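Here's the structure, in structure tokens; my notes come after.
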Amino acid sequence: MEDLLAQAVVAAEEAEVFTVSSEGTLVQFEANRLKYLQTKQQTSVALRLIRQGRVGYATTTDIGERRNLVSNAVETAQFGMLAEFQLPASGVYSPVAVFDAGVVSVANEAMIQLGEEMVASVTAYTPGIICEAEVAKGTVSVSIRNSRGGQADYRKSYFSLGIEGSLVNDTDMLFVGESVSSCHPLSNSGAVAGAVLRQLELAKDRASVPSKSLPVVFTPGGVASALIEPLMAAFNGKTVLKGASPIGNKLGQAVFDRKFRLRDDPTVGYRPSSRPCDDEGVPSQCTTLVEEGVVTGFIYDLQTAAMAHTHSTGNGSRNHGGLPLPAPSAFVIAPGDTDFTEMVQDIKEGLVVEQLMGAGQGNVLGGDFSGNVLLGYKVENGKIVGRVKNTMVSGNIYQALKQVAAIGREAKWVDGFLQTPPIYCPGLSVASKR
Amino acid sequence: MTIKDIGQELAGVIGKCDADYVEAHLEESQTSHVVYRGRELDSIGRATAIGGNVRAMVKGGWGFVSFNDLNNLPERVALAVKQARFVGREASQLVAAEPVVATVSVEADRDPVAIPLAEKKQLMDEYNDIIWRTPEIQTSTVGYADSRKQTIFLSSAGSFIEQTRADITLRLAAVAARDGDIQQVGLSVGSRGDFSILQSYHDEVAHMAERAVVLLSAPQIKGGEYTVVLDPVLAGVFVHEAFGHLSESDFVYENERVRRIMTLGRQFGHPELNIVDTATIPGLRGSYQYDDEGMPATRTYLIREGKLVGRLHSRETAAKMNEKPTGNARAINHRYPPIVRMTNTYIEPGVVSLADMVGGIKEGIYAKNWYGGTTSMEMFTFSAGEAYMIRHGKIAEMLRPVVLTGNVFNTLENIDAIGDDLTMNQGGGCGKGGQMPLPVSNGSPHIRISRCLVGGG
Ligand SMILES: [Zn+2]
């Protein structure tokens, strides 16, 4: 890597080499049975350089291709954007714990057993259900070097358990599922299966809802599927810089309900979304985005921050394969003071939404969401009475989160990148097929 | 050493394994991209990648090892076999396949990656300028990406197939803003590596930008059931989401209850409805000669005269369902095993003109273009990039974007008119099992659906 950096600085004023190597094992169950054992190894190198003030960029996974890497990056620099930023010189990184050597030593047999336990528990509860389950583990090593002396190295471990069940009765299909992840080895297959059993229990009976405005409680899964995509776009410094964020000019203003608090936090210990620095070597920080309903910040990488005359928040991400862009590490919505059961008890007629399918397919920038309730329940007189189908829930997050009825007391990690409690919206548009 | 040389060495190793079946994929690719976000060029770059995998089957269990370090391949083969043995607990079932030794050179000389970056950038400049010429445009996205990939497939049965494919995608978006209201319109096109096809979208880009501005003053529809007419682009997304995914046999073959509702011969729609998936049409983004299990591409009727008549298979699903293989096992790249996927999926044309279709509607929606779509097999949603009210048989005012949803078991029945104007859309990408976006295309003539559920404000 030092070699490559040395070659690059011959051709450019500044250069940065980003290397990521990963190794993982995946155990897959299909139709209730063990089906696949997979291992994956991958290394990739990205070279970013600044030549005559412009940014050039090339990547490869081919270890023998280093010389071409430099010439490819030099070629793209003729057209590249003007570099407004400076690569970080040697930084001070606060330790963020993301590696547990225990993950490496978990045997295949143990992973298979975890999968078997999840499948056994769900199929015993609901005969006829067909489960797909996954148990995954692995390590990721990241290494960054730049020509200004910046250097960062860290190693991360991850472990995840997940199960999805489909229950088919003639042409009716019910989908349930749960997954958890950590940097520690996980052994709580019972907790994962337990969450699925709760869904199966609540979905046992069927109920129908009228087409009108109704109160809706989003569970953590519901928040992730319905509300998060517009928030991620709106707090992205790049969207703000381009004037395409509805809250871009509302810093310091109350936009959301006073109960709503949001931050980006890559420093939580042993979370797979955490890391000591971002993909540009900028130290991780916890960034407050909404405090008591007031917009307090946005997330930035180096270039976007420089163009917006502010500082990087350590959110430079290369997840999409190109040059770093601002991206959340993990969104954390602060818990409130209401129990989930209290929210349900408060509703005369309404919905609990666990999964809204297709919600992110509309005008995400404008804050719109509209989707089919893939898993959700009808509430009548304070009680969940059954599962709803053929039902759409629609709204706009700037209206829906302006006045929320309550925020839940218990927050949960969903999909690895979001920690959220349930959120109770007093009125959303519901359309249902007669 | 080229990947072909490496493959030839590997052929000797996988032929001698103690396994029911072993295959390997080797892959080498080059890509380039040009992205504008707003007026400024945001990212321009080149990438190369190399890698491979070995997949082994022992007693019905699969082992899979992927890597991009091409050293010590015999060890990787041994690991894949060991993993398969660890998993296998029953009998291996794969439909019979003739060994194929072939070099597919149809597109070997087509290389969009080699076109100078300056040429690509200039075209993107032109499109971005068109967007920015429109008043009240707040920002834009122009994302171009191309790739050229050489693959080697080899199997313990003696297959050795060399294929090359090129692919281009172009995604554009215009964002308009007024008084804190933000509206966006997108355009997504693609080609099978032919850059010249992307050079003639100037009018469409201008129209896209104008529509983003019009949306700022467009009303939102009230949610509920409507008669909807879909244009060929959106109807193509509809057929992919509403029916295509359900015809992928990996959801069916191990699930007794799904097999019962997906029996061949079941009536799904009117006798005028015919749905086809085929990888055999040259030049479409979902096409190929051999799939990632080395099986020849086919043309498969999924629905014929309204009845379920076929489905898409891998070698394993075909064997376990005792049906003919269709050559639909595809992997997005060497990091994933092949799974059952669509290729180019479309509704065959009927005889109804658009005017006749709209003419009979008192109040309905005309929905065009796509934002996206997804499915849970039974339920699906798809969203229109452009929508208009239909009033008294005429297309009327423009609406804010609409999301439509339905249930496959009654929505296909509700297709009551099929147009005469089949068009294939090359801008799509399909996601399944973490493998996304896989190049596919889909298409349809205009179609009319009665009682379609539409989300609204
Ligand atoms: Zn798809």
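The values are calculated or read from the model by the stated rules, or taken from the named source; none is laboratory data. Since the structure is predicted, the reported quantities are computational estimates derived from the model, not experimental observations. Here Cβ is always computed from backbone atoms with ideal geometry, including for glycine, and neighbour counts include all displayed protein chains. What goes into the accessible areas is simple: the full protein's heavy atoms, side chains included, and nothing from ligands, DNA or RNA. Shrake-Rupley method; radii C 1.70, N 1.55, O 1.52, S 1.80 Å.
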Using only Cα positions of chain B, each an equal point scatterer, no hydration layer, compute I(q)/I(0) via Debye at q = 0.08 Å⁻¹ and quote the log10 values to two decimals. -0.51
proj_area_mean for segment A:1-67 (convex hull on C-alpha atoms), units nm², value 6.0 nm²
About the Cα centre of segment B:273-362, how large is the charge dipole given +1 on each Lys and Arg Cβ and -1 on each Asp and Glu Cβ? Please answer in debye to the nearest 20. 160 debye
Value of Rg/Rh across segment A:302-434 [Cα atoms, Kirkwood radius]: 1.05
Under a straight-distance cross-link criterion of Cα-Cα below 29 Å, which lysines are reachable from B:LYS4, leaving out those fewer than 8 residues away in the same chain? A:LYS40, B:LYS16, B:LYS82, B:LYS149
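Which three semi-axes in whole Å describe the equivalent ellipsoid of the protein assembly as shown, each the square root of 5 times a Cα gyration tensor eigenvalue, listed largest first?
Values: eigenvalues 270, 240, 188 Å².
Listed largest to smallest, the semi-axes of the protein assembly as shown are 37, 35, 31 Å.
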Applying the Karplus parametrisation 6.51 cos²θ - 1.76 cosθ + 1.60 with θ = phi - 60° to the phi angles of segment A:323-333, what ³J(HN,Hα) value in whole Hz is obtained for each residue in order, glycine and proline being reported as x? 4, x, 9, x, 7, x, 7, 8, 7, 10, 9
Taking 7 Å along the Cα-to-C-beta vector as the label spot, tell me the A:ASP205-B:ARG259 distance in nanometres, rounded to one decimal. 3.5 nm
At a probe radius of 1.4 Å, what is the per-residue accessible area of B:LYS368, in Å² to the nearest 10? 50 Å²
Per residue Cα convex hull volume in Å³ - calculated over segment B:224-456: 110 Å³
For the pair B and A, the solvent-accessible area buried on both sides (1.4 Å probe; DNA, RNA and ligands excluded), in Å² to the nearest hundred, is 6700 Å²
If you average 1/r over every pair of different alpha-carbon atoms in segment B:3-217 and take one over that average, what Kirkwood value in Å do you get? 20.3 Å
With +1 on the Cβ of every Lys and Arg and -1 on the Cβ of every Asp and Glu, and nothing else charged, how large is the dipole of chain A about its Cα centre, in debye rounded to the nearest 20? 780 debye
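Would you mind computing the Rg to Rh ratio of segment A:205-434 from its alpha-carbon coordinates, Kirkwood style for Rh?
Rg/Rh: 0.99.
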With every protein chain left in place and a probe of 1.4 Å, what is the accessible surface of B:LYS307, to the nearest 10 Å²? 90 Å²
For chain B, the per residue accessible area (1.4 Å probe, Å²) is 35 Å²
All alpha-carbon distances of segment B:250-351, grouped into 5 Å bins from 0, give the whole-percent distribution 2, 13, 21, 23, 19, 13, 6, 1, 0
Per residue, what volume in Å³ does the convex hull of the Cα atoms of segment A:2-199 enclose? 177 Å³
With every protein chain left in place, what is the accessible area of B:HIS25 in Å² (1.4 Å probe, nearest 10)? 20 Å²
Please go through the residue pairs A:LYS259/A:LYS402; A:LYS433/B:LYS307; A:LYS204/A:LYS389 and name each one whose alpha carbons sit more than 19 Å apart in this structure. A:LYS433/B:LYS307
Looking only at aspartates and glutamates whose Cα falls under 15 Å of B:LYS320's and that sit 8 or more positions away or on another chain, we get A:GLU30, B:GLU90, B:GLU248, B:ASP250, B:GLU254, B:GLU256
Take chain A, drop everything but the C-alpha atoms, weight them equally and run the Debye formula without solvent; then report log10 I(q)/I(0) at 0.08, 0.14 Å⁻¹ to two decimals. -0.52, -1.31
Residue (of B:VAL175, B:GLY434, B:GLY236) at the positive-pole extreme of chain B, dipole from beta-carbon charges: B:GLY434
Put +1 on the Cβ of each Lys and Arg and -1 on the Cβ of each Asp and Glu in chain A; which of A:VAL17, A:SER211, A:GLN113 then has its Cα farthest toward the positive end of the dipole? A:SER211
Hull shadow area, averaged, segment A:43-90 [alpha-carbon convex hull, nm²]: 3.9 nm²
With a 1.4 Å probe on protein heavy atoms only, tell me which residues of segment A:19-43 lose at least 40 Å² of accessible surface in the complex relative to the chain by itself. A:GLU30, A:ARG33, A:LEU34, A:LYS35, A:TYR36, A:LEU37, A:THR39, A:LYS40, A:GLN41, A:GLN42
Would you mind working out the accessible area per residue for chain A, using a 1.4 Å probe, and quoting it in Å²? 37 Å²
Over chain A, with every protein chain in place, what whole percent of the accessible area is carbon and sulfur at 1.4 Å, could you tell me? 49 percent
Set Lys and Arg Cβ to +1 and Asp and Glu Cβ to -1, take the dipole of chain A about its Cα centre, and tell me which of A:PRO272, A:ALA83, A:PHE99 lies farthest positive. A:ALA83
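Would you please give the FRET efficiency between A:THR123 and A:SER213, computed as 1/(1 + (r/R0)^6) with r the Cβ-Cβ distance and R0 = 41 Å, to the nearest 0.05? Please list the in-between numbers first.
On the way: r = 40 Å, r/R0 = 0.97.
Computed FRET efficiency for A:THR123 and A:SER213 comes out at 0.55.
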